[in-house]
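Input: a single structure, listed below in structure tokens.
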Amino acid sequence: MLYESRKLAQGTSFETTMHIFDGDAPGTVFMIVAGIHGREVGSIRAAQKLVRQLKNGDWTIERGTLIVVPIANRPAFKKRIRGKPDLNRTFPRGPSGRTTHEMSRALYKIMRKYKPAWYLDLHEANGLSSASTDVLGQTLITDSGSPAVPAVRRVIKHMNGRVVRRSHRFHIRMHKLKGSSRTAAADRLKAKAVTVETCWSLDMNIRINYQTEVVRSFLREAGLI
Ligand SMILES: [Zn+2]
């Protein structure tokens with residue numbers, strides 16, 4: 001496996017690191033972004049852990065390319081806030097829309113360059129989806145009609161076979177979110193794009209473990225591990 005890192009939005013307050021892991025065999029390009037919202041710390045910690053483990057050789061990418069950006073909105077992460085403006089409304093809308101923020105521009109440029117077949121956007125949210133359909137905690141979100149839906153259902157089945165408490169079970173949600181990185185990746189780049197939402201009220205280690213297992217499960221689906 002080859003590893004390299006690069007700076008995105010270099011020289012700005014948003015400057016952040018992108019990590020690229022290349023498997024020994026050719027395969028799918030898979031991109032993971034966390035920290036588009038700065039206070040969803042469990043998802044950021046999970047992305048950082050993933051990078052650390054791959055760099056340490058705890059496990060490896062066998063085929064294809066994995067791109068990870070663990071902290072997309074560094075100024076918001078420093079303040080532990082969602083971010084103003086909300087970065088997840090600044091990605092291209094519709095067939096001819098443009099990015100409206102320097103950081104979404106930097107991320108979208110990478111997405112266009114590498115054309116990931118898979119795009120995971122790691123987040124955290126309020127509530128438990130087992131208790132209410134109005135909350136997004138413990139959900140995997142795709143755009144309606146996404147080719148990712150069968151894989152999302154398999155990942156949820158895998159996760160729900162592992163979760164300790166029934167209340168922590170994951171559920172699928174399907175909707176378009178204009179201006180989000182997921183919907184831009186799905187509409188413009190035809191990626192299998194999924195937003196991962198753990199519940200931010202759970203213990204940090206539990207959230208990190210759920211995020212990590214969801215990511216690994218999708219990496220298996222895509223044939224990278
Ligand atoms: Zn979020």
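So here's what we get for this one:
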read-out	value
Failed condition for SER104, given (1) in a helix (DSSP H, G or I); (2) away from the ligand (no atom under 16 Å from the Cβ)	(2)
Selection from segment 10-19 of residues that are of a type outside the set (Phe, Trp, Tyr) and crowded, with 18+ Cβ neighbours inside 10 Å	THR16, MET18, HIS19
Residues of segment 42-75 classified as outside any helix (DSSP H, G or I), touching a Gly at 6+ places or on another chain (Cβ under 8 Å) and of a type in the set (Val, Ile, Thr), total	5
Extreme residue, farthest from the ligand (Cβ to nearest atom), among residues of segment 22-41 that are surrounded by fewer than 19 Cβ atoms within 10 Å (Cβ to Cβ) and part of a loop (DSSP other than H, G, I, E, B)	ASP24
Positions within segment 76-101 being hydrophobic (A, V, I, L, M, F, W, C) and in a loop (DSSP other than H, G, I, E, B), in sequence order	ILE81, PHE91
Selection count, segment 1-22, where residues are touching a residue at least 40 places away in the same chain (Cβ under 8 Å), more than 20 Å from the chain's Cα centre (by Cα) and farther than 18 Å from ALA76 by Cβ	1
All positions within segment 164-200 that are under 16 Å from ASP134 (Cβ atoms) and among the small types (Gly, Ala, Ser)	SER167
Considering residues of segment 66-96 that are away from the ligand (no atom under 16 Å from the Cβ) and touching a residue at least 60 places away in the same chain (Cβ under 8 Å) only, the residue surrounded by the most Cβ atoms within 10 Å (Cβ to Cβ)	LEU66
Candidate set: segment 112-130, residues that are of a type outside the set (D, E, K, R) and assigned to a loop (DSSP other than H, G, I, E, B); chosen: the one nearest to the ligand (Cβ to nearest atom)	ASN126
Total residues in segment 44-58, condition over 21 Å from ALA117 (Cα atoms) and within 16 Å of the chain's Cα centre (by Cα)	5
Test: residue in segment 190-201 that is within 24 Å of ASP22 (Cα to Cα) and surrounded by fewer than 18 Cβ atoms within 10 Å (Cβ to Cβ)	yes
Odd one out for VAL135 among (1) more than 17 Å from the chain's Cα centre (by Cα); (2) more than 16 Å from the ligand (Cβ to nearest atom); (3) part of a loop (DSSP other than H, G, I, E, B); (4) not charged (D, E, K, R)	(2)
Filter pass, VAL29 being in contact with a helix residue (DSSP H, G or I) (Cβ under 7 Å, 6 or more places away or on another chain) and of a type in the set (Val, Ile, Thr)	yes
Residue among MET103, MET204, MET174, MET111 that is surrounded by fewer than 17 Cβ atoms within 10 Å (Cβ to Cβ), at pLDDT 95 or above, closer than 21 Å to GLY38 by Cβ and within 18 Å of the chain's Cα centre (by Cα)	MET204
Residue check for THR212: touching a helix residue (DSSP H, G or I) at 6+ places or on another chain (Cβ under 7 Å) and surrounded by 24 or more Cβ atoms within 10 Å (Cβ to Cβ)	no
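The values are calculated or read from the model by the stated rules, or taken from the named source; none is laboratory data. As the structure is a computational prediction, the values presented were derived from the model and not from experiment. A quick note on method: Cβ atoms are made from the backbone with ideal geometry, for glycine too, and the neighbour counts reach across all protein chains shown.
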